[in-house]
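Handing you a structure now.
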Amino acid sequence: MINFIKIAIQDYRTVAAISPTSRYAAGRIVQKIKEGHKFIVEYGAGDGAITKEILRKIPADGRLIAVELNKYFVAELEKINDKRLIIINSDVTDVSRNLAKLGLPRIDAVISGIPFSYINSEIRKEIIGNTYNALTDSGVFVVYQHSPLVLSYLEVFFKKYVSLYFEPRNFLPYFIMAAEKQPDV
């Protein structure tokens, strides 16, 4: 916990939280992954609290690509011994521009804890648009933040298929936004 706080203070522009995600919040976030979702991308995997929950949820033939910019957290993620996990030490903006090149047959869900409040509005829109375009129909984009700032951006792409939840059992509490991509009608 102390190391997490130190890293968060030193690298506040890329670390979205001041403490690890609680098991309550992690469970609520991962709950949005649907039955049959096997290929997941996690933006801002941090110390792996949610990564581990995703791995518990996806099937044995699933795959999780965890994107993390902070080298300390990458080292923590590397301690997770699971053949389904691929760690990418890179900026989410760059990765979102190349989601089709990640080697997954499709992308069923993207889970994001990146600090959208520190990202300028054009890049925010770009990341969300790239994610929307890469998701399979009925795919979900789950964003957890300390503020619902990104909700209106999600609604631009996902229209009325966005839900907002509040998880108070986290320090600091999270707003969890789940957006589902609907097939074109």
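The values are calculated or read from the model by the stated rules, or taken from the named source; none is laboratory data. The shown structure was predicted, so the numbers you read here are calculated from the model rather than taken from an experiment. Using ideal geometry, Cβ is built from the backbone for each residue, glycine included, and neighbour counts are taken over all protein chains shown. Accessible surface is based on the protein model in full, side chains and every heavy atom, while ligands, DNA and RNA are left aside. Shrake-Rupley method; radii C 1.70, N 1.55, O 1.52, S 1.80 Å.
How high is the relative contact order of segment 56-185, given as a whole-number percent (alpha carbon pairs under 8 Å, six or more residues apart)?
20 percent
Once you list every other residue whose beta carbon is under 10 Å from the beta carbon of Val67, what net charge do they have if Lys and Arg are +1 and Asp and Glu are -1?
After counting each charged neighbour, the total is -4.
Leaving ligands, DNA and RNA out of it, rank Lys34, Lys71, Lys57, Lys181 by accessible area with a 1.4 Å probe, largest first.
Lys71, Lys57, Lys34, Lys181
Can you tell me the mean projection area, over all orientations, of the convex hull of the chain's alpha carbons? Units nm², please.
9.6 nm²
How much accessible area does Glu122 have with a 1.4 Å probe, in Å² rounded to the nearest 10?
Near enough 120 Å² of accessible area.
Mean-square fluctuation check for the chain, GNM, Cα pairs under 10 Å: which of Leu77, Leu172, Leu135 is largest?
Comparing Leu77, Leu172, Leu135 in the GNM, the peak value goes to Leu172.
While we're looking at this one, here's another question. Per-residue accessible area for Val30 at 1.4 Å probe radius, Å² rounded to 10?
10 Å²
Out of the total accessible area of the chain (probe 1.4 Å, heavy atoms of protein only), what percent is carbon and sulfur?
Percent of accessible area from carbon and sulfur atoms in the chain: 53.
Another question, if that's okay. Net charge near Pro173: determine it from the other residues with C-beta under 15 Å of the C-beta of Pro173, scoring Lys and Arg +1 and Asp and Glu -1.
+2
Sticking with this one: Which value, in debye to the nearest 20, describes the size of the charge dipole of segment 39-100 about its Cα centre when Lys and Arg Cβ atoms bear +1, Asp and Glu Cβ atoms bear -1, and nothing else is charged?
With only Lys, Arg, Asp and Glu charged at Cβ, the dipole is about 220 debye.
Normalising by the residue count of segment 91-156, find the relative contact order in percent from Cα pairs under 8 Å and 6+ residues apart.
Taking the mean separation of contacting Cα pairs over the length of segment 91-156, I get 45 percent.
Using a simple spin-label model with points 7 Å from Cα along the Cα→Cβ vector, what separation in nm is obtained for Arg106 and Leu164?
3.1 nm
Then there is this: Given the whole protein assembly as supplied and a 1.4 Å probe, what does the accessible area of Arg124 come to in Å², nearest 10?
Estimated to the nearest 10 Å², Arg124 gives 20 Å².
Net charge near Ile128, counting Lys/Arg +1 and Asp/Glu -1 over other residues with Cβ under 13 Å of its Cβ?
+2
Have a look at Val30, Ile119, Phe73 and report the one farthest towards the positive end of the charge dipole of the chain, computed about the Cα centre with Cβ charges (Lys/Arg +1, Asp/Glu -1).
The residue sitting farthest along the positive end of the dipole is Val30.
For the pair Ser90 and Lys125, how long in nm is the line joining their label points, each one 7 Å along Cα→Cβ?
Result for the modelled spin labels: 2.4 nm.
Using a 1.4 Å probe and counting only protein heavy atoms, arrange Phe166, Phe175, Phe39 so the residue with the most accessible area comes first.
My answer, sorted largest first, is Phe166, Phe175, Phe39.
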